[in-house]
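Student: Take this structure first; my questions come after.
Here, each number is a calculation from the coordinates, and none is a lab measurement. This is a predicted model, so every value here is computed, not measured. Neighbour counts run over all protein chains shown; Cβ positions are idealised from the backbone, glycine included.
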């Protein structure tokens, strides 16, 4: 969802030397940099900083090309108006006689100011700088103003917004030395903490800012760690390092000489690479659900939400664009007059997602439910209507993107069209083909063959070979789609038939990486192998990281593995919501700084889907159940509640403190098909496999066939009330008696180091096979039961389930003095509609109990307690929040439900 300004926050790049984009720009910078820029060693601050900008952009030393140039980031105060200020502070007094300001103006809510003036700290207050009461406000240039020298430790730039209600911003503010300032040491900004695989290298890139034109001396050393560290060049700020042993290391960069030095440290964890062979995918095919919770949710999704999406997408006047675009593209390809493309350039996405959702919905056994069966027949008819229309819009060489087919001015795979979402829409199409193929057991290959034709078209045109071209899409999706499809083609056809698609996925990722237009927003700021912190648009990010995890798994590339694990660690332990949601929204639809997890969060539904994909890929690669613990959290808390209980409305964003109801549609309906296709793919999330057995990942009452476990099919039947109960019965039905292992996830409720839960409720309390207790080992978070299995053998589990208090580390300011409640995988929420005081205090010693309420919200287990004032507390699962709006409350502003409750 874009705000009124379609502003995107780019990364801040600090450089000692700036590459001049043009002779005019060179002359411009020379006119303002004939003296040292004291701003480089100042501490910036502001009266207000908009979430998608950074105050550090003020003094990053960058040279803008124009006022809309966001390559190096920006400072802004959108959507504030009136007088705002930005400020520099130095540790000792400086002397300056001129400044230069380059205003930011994007034409979409941020404009040059009406007026600006400079103030200095005179020791007691800020006073006007004589001669600088009027700073120029022209755009596309440095506005320079000179004055008599002043000595001060602080400078403040006051900025008045224009009369049209626009906000203001700055790309660069320079403060030039008069010649009498003291010497300052270089300023070192340490690099991002990261993880590296043993045998691989990590890329070190500390930033050093200095007042002089000479690059200061720098040197890397090992501060601590169990083994040796080999720096490729210890005397370069940018270098690589390798390590001799697994463990935790601290590295230091020192810049400068004598007393004028500064330093910064980097933490590096060295780990062993995962097994070379990944776990096997369990493709979603026809399955049964036998779960009070999931039967109701699946039926609502199939009978209400997907038909609702179909109805919208079928509308010829849908402003956002739907099936009409495929019909018009087909007309044009047939030489007939055609209407222009409707809606967004990426409008094909929700059509392809909905096709995949329909295919998965048709795999759910109705088990005699007449309404469900009748809806499935209607959805079959939709498929038969839509598939020929989609295929008719595919160009003769396999290319498919209706916005390009209908617009002759849009050329394929060109840098100026990176925003055309060619890969984004194509990736969804080839993924839809997988579930259509499995739906029909390969008897209907229409979408599968079309997807191969599309993928082959990309392979023929994009790549490193002569005659092809480098390229990447600003919005990732093709990368993970290609690997998913490549694996599927290999499984269906063998002989490496899908290997070219996997190789292309890696090439597309390798094409991201700095350059003139690289940006944190779309994770193209540095090569993907050197990305160690989750930044930018959260959906693009987790799609990118999911694709990187795929490539790392397929290729074994240690640099990819190191980057992926670093990104995983950064997300899970610094930028992860207790609900499993991602994206604070402090950058454009994206991540904020480490530990910045405001509760009026963004947490887009599509980022929850991407988080599940990412954690699932990590589970395949590392054979470790902790990744399932995480995607279970996202599944039940951030994603399941994106739809209301009637499956008639949804949330684009999923704040942890909210008051607004869900809505039937959105101006950017990118989530509408993503939600159901992800939630309904239960067999894939519930089981994985290898040649030695079956891994049980989720506990959902169901009957699912796990195919080709060492050449044999195994039917797995679960009977459980989970997540309301911890009792789970699993019946193992192999096609023949054989020895193999069944690995059952032993849940860990606090994988993220951000959170701790009490009392402890981890692991499996008891396990029995055919009624006999067994003493099994836990490996990689799985209880391993190896024996000769025959049809009808049963595993009975008891999972500890009790109300838990969840506390967050104090580094997260938003959650200080607050507590969240959890039961099993479910995070809870308190709502005003239940009479809860949302500002009430739940004392740490207050008793928590549970009560089953069959009459409430389709049947839920509530957590009950008592606030400090004696009033009752009733908490419901977060997925069920905001389904009840009494008269006069619906649409209210301000929170009516919260996850984090005051406990002091």
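Student: Take every Cα-Cα pair in region 289-510 and report what % of them are more than 25 Å apart. Before the final figure, lay out each step's value.
Tutor: Numbers: 10149 of 24531 pairs.
Here the long-distance tail beyond 25 Å is 41 percent of all Cα pairs in region 289-510.
Student: Cβ neighbours within 10 Å, averaged per peptide: list 808-821, 556-569 in order, most packed at the top. Numbers along the way, then the final one.
Tutor: On the way: 808-821: 17.9, 556-569: 22.9.
Ranking, from highest mean packing down: 556-569, 808-821.
Student: Next question. May I ask for the angle, rounded to the nearest 10°, between helix 558-574 and the longest principal axis of the chain, with both axes built from Cα atoms and the value confined to 0 to 90°?
Tutor: Compared with the principal axis, the helix lies near 90 degrees.
Student: Over the Cα atoms of region 727-780, what Rg and Dmax result, in angstrom?
Tutor: 14.7, 46
Student: Quick one: Kirkwood hydrodynamic radius for region 409-472, alpha-carbon pairs, angstrom, one decimal?
Tutor: Here the Kirkwood hydrodynamic radius works out to 13.0 Å.
Student: Here's a follow-up. Just need the Rg to Rh number for region 187-271, please, alpha carbons only, Kirkwood Rh. Let's see the in-between values first.
Tutor: Working: Rg = 12.9 Å, Rh = 13.0 Å.
Radius of gyration relative to Kirkwood radius: 0.99.
Student: With only alpha-carbon atoms counted, please give the Rg and Dmax of the chain, in Å.
Tutor: Computed over the Cα atoms of the chain, radius of gyration and Dmax are 28.8, 92 Å.
Student: Nearest 0.05, what FRET efficiency do residue 869 and residue 79 give at R0 = 45 Å with Cβ-Cβ as r? Walk me through the numbers before you get to the answer.
Tutor: Values: r = 38 Å, r/R0 = 0.84.
E(calc), rounded to 0.05, equals 0.75.
Student: Quick check: the angle from helix 323-333's long axis to the longest principal axis of the chain, C-alpha only, nearest 10 degrees?
Tutor: 80
Student: Could you tell me the largest-minus-smallest coordinate of the C-alpha atoms of region 331-373 on each of the three principal axes, in descending order and whole angstroms?
Tutor: Sorted from largest, the Cα extents of region 331-373 read 47, 21, 14 Å.
Student: Quote the convex hull volume per residue of region 803-902, based on C-alpha atoms, as a whole number of Å³.
Tutor: Spread over its residues, the Cα hull of region 803-902 gives 111 Å³ apiece.
Student: Which angle from 0 to 90°, rounded to the nearest 10, does the C-alpha axis of helix 499-510 make with the longest principal axis of the chain?
Tutor: The angle comes out at about 20 degrees.
Student: Show me the three semi-axes of the equivalent ellipsoid for region 253-334, from the C-alpha gyration tensor (sqrt of 5 times each eigenvalue), largest first, rounded to whole Å.
Tutor: Three semi-axes, in Å: 53, 29, 18.
Student: Another question about this same structure. Please figure out what share of the DSSP beta bridges in the chain is antiparallel and state it in percent, rounded to the nearest 5. Walk me through the numbers on the way to the answer.
Tutor: Numbers: 141 of 153 bridges.
Antiparallel bridges: around 90 percent, rounded to the nearest 5.
Student: Would region 572-655 count as rounded, prolate or oblate if I go by the C-alpha gyration tensor, calling it rounded below 1.5 in a/c and otherwise prolate when a/b exceeds b/c, oblate otherwise?
Tutor: Since a/c reaches 1.5 but b/c is at least a/b, the shape of region 572-655 is classed as oblate.
Student: Counting just the Cα atoms, what span does region 23-177 cover along each of its three principal axes? Round to the nearest Å and put the largest first.
Tutor: In descending order, the Cα extents are 38, 38, 25 Å.
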